[in-house]
Amino acid sequence: RAEEVEDGKGEGSGGVPCSGLRRELLDCLRESDCVKIHGMSPRECLQDGAPGQRAECNSFRLAFFECKRSLV
């Protein structure tokens with residue numbers, strides 16, 4: 001299970017697929033200038049062109065999307 005948490009694809013403690021990536025994405029967004037300085041919600045910060053976005057968060061966003069898509 002340790003490997004699952006490290007690569008972000010594991011179910012995590014909630015048993016939900018991709019929850020590790022979701023958690024990493026949310027943590028990244030919460031630490032971004034978009035949330036901290038501009039006062040936007042993490043959901044608003046996911047929008048293209050939102051101020052203070054981090055490239056790292058976009059990588060987590062794409063990985064989370066790919067994980068969710070692989071479940072379909």
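The values are calculated or read from the model by the stated rules, or taken from the named source; none is laboratory data. All figures in this text were calculated on a predicted structure; none of them were measured in a lab. Glycine also receives a Cβ, built like all others from the backbone with ideal geometry; neighbour counts cover every protein chain displayed. Each accessible area value is taken on the protein alone, full model and side chains, heavy atoms only, with ligands, DNA and RNA left out. Shrake-Rupley method; radii C 1.70, N 1.55, O 1.52, S 1.80 Å.
How many residues, within region 54-72, are in a loop (DSSP other than H, G, I, E, B) and either within 23 Å of Val16 (Cα to Cα) or open to solvent by 90 Å² or more (accessible area, probe 1.4 Å) (or both)?
2
Tell me which residues, restricted to region 16-31, are touching a residue at least 24 places away in the same chain (Cβ under 8 Å), open to solvent by less than 70 Å² (accessible area, probe 1.4 Å) and part of a helix (DSSP H, G or I).
Leu21, Glu24, Leu25, Cys28, Leu29
Looking only at region 32-53, how many residues end up being open to solvent by 60 Å² or more (accessible area, probe 1.4 Å), part of a helix (DSSP H, G or I) and more than 20 Å from Cys18 (Cβ to Cβ)?
Qualifying residue count for the region: 3.
Step by step: first the residues of region 5-15, then only those that are loosely packed, with under 15 Cβ neighbours inside 10 Å and under 16 Å from Phe60 (Cβ atoms), then the one that is modelled with the highest pLDDT. Which residue is that?
Asp7
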